1. Only one of (1) within 11 Å of chain A (Cβ to nearest Cβ); (2) at pLDDT 80 or above; (3) farther than 30 Å from A:R160 by Cβ fails for B:Q84. Which number is that?
2. Hey, among A:E51, A:E36, A:E16, A:E2, which residue is modelled with pLDDT of 85 or more, out of contact with any Leu (no Cβ under 8 Å at 6 or more places or on another chain) and outside the structural domain of A:G135 (by TED's automatic domain parsing)?
3. Can you name the condition, by its number, that B:C76 falls short on among (1) modelled with pLDDT of 85 or more; (2) over 30 Å from A:I65 (Cα atoms); (3) over 37 Å from the mean Cα position of the chain (by Cα)?
4. Looking at the stretch A:127-144, which of the residues that are in a helix (DSSP H, G or I) and either under 20 Å from the mean Cα position of the chain (by Cα) or aromatic (F, W, Y) (or both) is nearest to A:Q161 (Cα to Cα)?
5. Being in contact with a Lys or Arg (Cβ under 9 Å, 6 or more places away or on another chain) and of a type in the set (A, V, I, L, M) is the filter here; which residues of the stretch B:7-21 pass it?
6. Please give the number of the condition B:Q108 fails out of (1) loosely packed, with under 10 Cβ neighbours inside 10 Å; (2) modelled with pLDDT under 85.
7. Looking only at helices (runs of 4 or more DSSP H) that lie completely in the stretch A:1-77, which have at least 3 residues being within 26 Å of B:E54 (Cα to Cα), within 7 Å of chain B (Cβ to nearest Cβ) and of a type outside the set (A, V, I, L, M, F, W, C)?
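The values are calculated or read from the model by the stated rules, or taken from the named source; none is laboratory data. All values reported here derive from a predicted model rather than from experimental measurement. Virtual Cβ from ideal backbone geometry, glycine too; neighbours counted across all protein chains shown.
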Amino acid sequence: MEKIDSKDNYIRLIQEYQNLVFSICLKMTGDYFIAEDISQETFLAAYRHYEEFDGQNAKAWICRIASNKCIDYLKSPGRREVLENYDSDSGIEIVSHEEPLNLYINKEVMEDFNKECEKLKEPYKTIAIEHFIRGKTAKAIALERQEGLKTVQTWIYRARQMLQKNIRLEDYA
Amino acid sequence: MNYLSGEELQKLIASAEQDDYVQAPPELMENILKELDKSDTKSGENKKVISIEERNKKISEYRKYTFKVFLATAACVILSVISQISSFGKVHNIDESYNNRFEYKTKQEVMEENKTMYQTLKETDLFANIGITED
């Protein structure tokens with residue numbers, strides 16, 4: 001594989017491995033939005049550190065970055081803080097960061113995520129399903145629904161906020 | 001929790017590829033490219049990522065421009081040399097025509113002419129008419 005010395009090569013790298021990287025992140029974190037953030041960080045790190053890449057196995061290289069970032073996230077004090085906060089509210093058991101890595105089943109994670117989308121009120125429910133589950137862009141949804149792009153972007157943003165909040169509560173309740 | 005070994009990573013990749021392949025969020029790539037632009041601007045690096053086609057296009061444009069400048073410079077030099085040569089010829093011709101325009105007379109010839117003129121005036125009594133007496 002060529003080094004990332006141009007935008008085209010970089011875009012090609014993202015296109016080729018974005019689903020795999022996202023799947024790995026989802027499997028390791030069990031959270032759609034965390035997986036999205038870590039996937040993004042993975043590709044940004046790949047761009048910044050491409051000089052360290054030997055050009056041999058891009059898939060292994062990018063997946064290594066993703067898995068390391070997921071482990072960093074799972075060990076991060078920020079995450080422990082969230083867990084501790086939820087513990088004090090709901091009395092759940094704190095998961096020790098010294099425990100072995102648990103992998104989630106993506107199908108189940110996505111089913112739960114779908115259920116959370118279904119729970120939202122309109123128009124956020126439809127928007128969340130179209131965007132997060134069916135993978136339609138804000139532009140495509142705006143065109144289909146004959147709505148302004150900004151309006152759809154705002155709906156997506158709000159749906160995301162609500163889903164993030166609800167999923168965290170579900171996870172730690 | 002330690003980082004994955006090579007074998008564990010391979011297992012994870014195989015598992016993600018076979019059983020749990022999930023489509024990435026639709027705007028993931030767009031967000032990555034936006035973040036990249038933002039971070040480049042923030043860090044003050046003027047490293048702009050451009051495609052190979054764009055780079056090649058820019059290089060060929062630059063070469064064309066350089067070639068045009070070279071041609072223009074060469075044309076200027078040639079024109080100035082030619083103009084020098086031709087103007088030298090023209091000045092030379094002007095000198096010749098200038099010399100041809102005048103007839104140079106000897107002192108003797110001029111005095112002869114004046115003498116003839118004087119004689120004519122005298123014969124026509126022109127001096128007397130305008131009040132000049134011959135002394």
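1. Condition not satisfied by B:Q84: (1).
2. Working: A:E51 fails: modelled with pLDDT of 85 or more; A:E36 fails: out of contact with any Leu (no Cβ under 8 Å at 6 or more places or on another chain); A:E2 fails: modelled with pLDDT of 85 or more.
From the options A:E51, A:E36, A:E16, A:E2, the qualifying one is A:E16.
3. It fails just one condition, (3).
4. Quick first cut of the stretch A:127-144, residues in a helix (DSSP H, G or I) only: A:127-133, A:138-144.
Still in the running and either under 20 Å from the mean Cα position of the chain (by Cα) or aromatic (F, W, Y) (or both): A:127-133, A:138.
Numbers: A:I127: 13, A:A128: 11, A:I129: 14, A:E130: 16, A:H131: 14, A:F132: 13, A:I133: 16, A:A138: 16 Å.
So, considering only residues that are in a helix (DSSP H, G or I) and either under 20 Å from the mean Cα position of the chain (by Cα) or aromatic (F, W, Y) (or both), the one nearest to A:Q161 (Cα to Cα) is A:A128.
5. Of the residues in the stretch B:7-21, the ones in contact with a Lys or Arg (Cβ under 9 Å, 6 or more places away or on another chain) are B:9, B:12-13, B:15-16, B:19-20.
If the condition is that a residue be in contact with a Lys or Arg (Cβ under 9 Å, 6 or more places away or on another chain) and of a type in the set (A, V, I, L, M), then B:L9, B:L12, B:I13, B:A16 are the ones that fit.
6. Condition (2) is where B:Q108 drops out.
7. On the way: elements: A:7-29, A:32-48, A:58-75.
Output list reads A:7-29.
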